[in-house]
Amino acid sequence: MDKASLPLAQIFEPIRADLEQVDREFGRHVQSQVELIPKIGQYIQTSGGKRIRPAVLLMAARLSGYDGDRAILYAAVVEFIHTATLVHDDIIDDSDVRRGRLAVHSRWGNDITVLLGDYLYIKSMALALTHDALEIIRLLCDVTLRMIEGELYQLTNNGDADITEDEHFDIIRRKTAYLFGGCAQIGGMLGKVGAEQEQALREYGFNLGMAFQLVDDLLDFTGDTEAVGKPIGSDLREGKVTLPLIHLLGQSPDGIGHRLVRDIIAARTVTSDQWHELLRSLKEHASIDYASRRAVEFAERAKKPLYAFPPSSERDALLALPDYVLSRDR
């Protein structure tokens with residue numbers, strides 16, 4: 001996945017001002033008489049997130065000919081939903097670090113963080129309801145429910161070394177891809193494009209989300225702690241068996257790699273020697289390469305639906321985003 005990509009700032013340049021407005025909208029709506037809520041909200045806002053999901057919505061809306069204010073609001077709604085998911089995920093995963101800083105629950109405790117996540121979910125729907133657009137609200141509710149289903153499904157499979165590739169992909173679809181698809185589709189709904197182009201945008205976002213999550217899973221093995229913003233190998237220590245490991249287990253049902261994966265999952269910890277041996281097995285069986293190829297497949301699949309739209313700077317930006325996702329290091 002060494003394909004050259006544009007820097008994210010360059011890709012987002014056509015909507016830079018809109019993204020800044022989304023940040024202001026997020027900050028404005030996280031205000032509360034309960035002082036702790038805006039305090040934690042500001043902490044999350046300054047944690048270095050890339051705003052890819054709201055950016056997809058904004059660019060899809062521009063591509064669809066929409067230039068009103070509602071794209072800003074719905075992009076903020078999406079950011080609220082995504083943020084709520086992150087703070088809950090960190091508790092579930094017992095992750096102390098998020099993007100190189102203490103996770104919210106590590107700083108303020110689980111009780112406060114659970115309630116904050118609930119607040120953000122409800123706030124997202126309250127914001128969406130400020131406009132009479134039931135189709136968009138239904139879509140937002142649907143993708144949010146699918147995300148929660150994905151988390152529950154992943155938890156029920158946690159520590160299961162026998163999880164299949166199809167089951168893993170179903171988790172990724174629910175946890176990540178449907179929200180990406182929904183972001184792009186909402187852009188089309190705001191622009192009131194035809195059903196074919198709206199579907200094209202949904203397919204773009206969905207496949208981009210699949211590629212995004214596969215790369216995220218790969219970084220657990222190929223990244224470094226400082227770049228990724230969390231300890232390397234943390235997914236495996238949490239019992240998450242992702243695509244590189246599924247491939248390894250399939251290629252080496254009785255080998256060293258198979259034993260290592262099961263031992264690490266059982267112990268919920270990994271020694272330096274075990275980690276290096278596992279990386280060696282992944283390389284020997286080309287499991288990292290396999291997962292990388294699948295990510296590339298989804299990234300290329302994301303681009304094709306965009307050719308249903310005429311050339312524009314927004315289309316160019318959306319076409320560049322899959323290549324960025326493949327090349328990202330965190």
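Data overview
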| item | result |
| --- | --- |
| Cβ-Cβ under 7 Å pairs, at least 6 apart or on other chains, segment 303-330 side farther than 13 Å from ALA184 by Cα, far side modelled with pLDDT under 95 and surrounded by fewer than 16 Cβ atoms within 10 Å (Cβ to Cβ) | ASP323/LYS3; LEU326/LYS3; SER327/LYS3; ASP329/ALA227; ARG330/ALA227 |
| Number of the condition not met by ASP67 [criteria: (1) in a helix (DSSP H, G or I); (2) open to solvent by 10 Å² or more (accessible area, probe 1.4 Å); (3) at pLDDT below 95] | (1) |
| From ASP132, ASP111, ASP170, ASP166, residue being at pLDDT 95 or above and exposed (fewer than 14 other Cβ atoms within 10 Å of the Cβ) | ASP166 |
| Close pairs from segment 160-188: first polar (S, T, N, Q), partner surrounded by 16 or more Cβ atoms within 10 Å (Cβ to Cβ), Cβ under 7 Å, at least 6 apart | THR176/GLY209; THR176/PHE212; THR176/GLN213; GLN185/LEU139; GLN185/GLU198; GLN185/LEU201; GLN185/ARG202; GLN185/GLY205 |
| Residue within segment 138-148 that is in contact (Cβ under 8 Å) with a residue 12 or more places away in the chain, acidic (Asp, Glu) and either farther than 19 Å from ALA76 by Cα or surrounded by 15 or more Cβ atoms within 10 Å (Cβ to Cβ) (or both) present | no |
| Meets criteria (open to solvent by less than 40 Å² (accessible area, probe 1.4 Å), among the aliphatic types (A, V, I, L, M) and not in a helix (DSSP H, G or I)) for VAL241 | yes |
| LYS50, sole failed condition from (1) more than 28 Å from PHE206 (Cα to Cα); (2) in contact (Cβ under 8 Å) with a residue 40 or more places away in the chain; (3) not in a helix (DSSP H, G or I) | (1) |
| Pairs with Cβ under 8 Å, 6+ apart, first in segment 9-31 and farther than 16 Å from ALA61 by Cβ and modelled with pLDDT under 95, second open to solvent by 70 Å² or more (accessible area, probe 1.4 Å) and not small (Gly, Ala, Ser) | ALA9/ARG16; GLY27/GLN42; VAL30/GLN42 |
| Lone unmet requirement of (1) within 22 Å of THR164 (Cβ to Cβ); (2) hydrophobic (A, V, I, L, M, F, W, C); (3) under 20 Å from the mean Cα position of the chain (by Cα); (4) surrounded by fewer than 20 Cβ atoms within 10 Å (Cβ to Cβ) for PHE212 | (4) |
| Residue satisfying all of: in segment 100-121; outside any strand (DSSP E or B) and of a type in the set (A, V, I, L, M, F, W, C); farthest from GLU35 (Cα to Cα) among these | ALA103 |
| Matching residues, segment 282-326, being out of contact with any Pro (no Cβ under 8 Å at 6 or more places or on another chain), at pLDDT below 95 and among the polar types (S, T, N, Q) | SER312 |
| Criterion violated by ASP254 - all others in (1) assigned to a loop (DSSP other than H, G, I, E, B); (2) surrounded by fewer than 21 Cβ atoms within 10 Å (Cβ to Cβ); (3) on the phi < 0 side of the Ramachandran plot; (4) touching a residue at least 24 places away in the same chain (Cβ under 8 Å) satisfied | (4) |
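Residue by residue, here is whether (1) within 16 Å of the chain's Cα centre (by Cα); (2) among the aliphatic types (A, V, I, L, M); (3) open to solvent by 30 Å² or more (accessible area, probe 1.4 Å) holds:
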residue	(1), (2), (3)
VAL30	no, yes, no
VAL34	no, yes, yes
PRO38	no, no, no
GLY41	no, no, no
GLY49	yes, no, no
ALA71	no, yes, no
HIS82	yes, no, no
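The values are calculated or read from the model by the stated rules, or taken from the named source; none is laboratory data. Since the model is a prediction, treat every value here as computed from it, not as a measurement. Neighbour counts are summed over all protein chains in view; Cβ atoms, including those assigned to glycine, are modelled from backbone coordinates with ideal geometry. Protein only, heavy atoms only, side chains kept; ligands, DNA and RNA dropped before computing areas. Shrake-Rupley method; radii C 1.70, N 1.55, O 1.52, S 1.80 Å.
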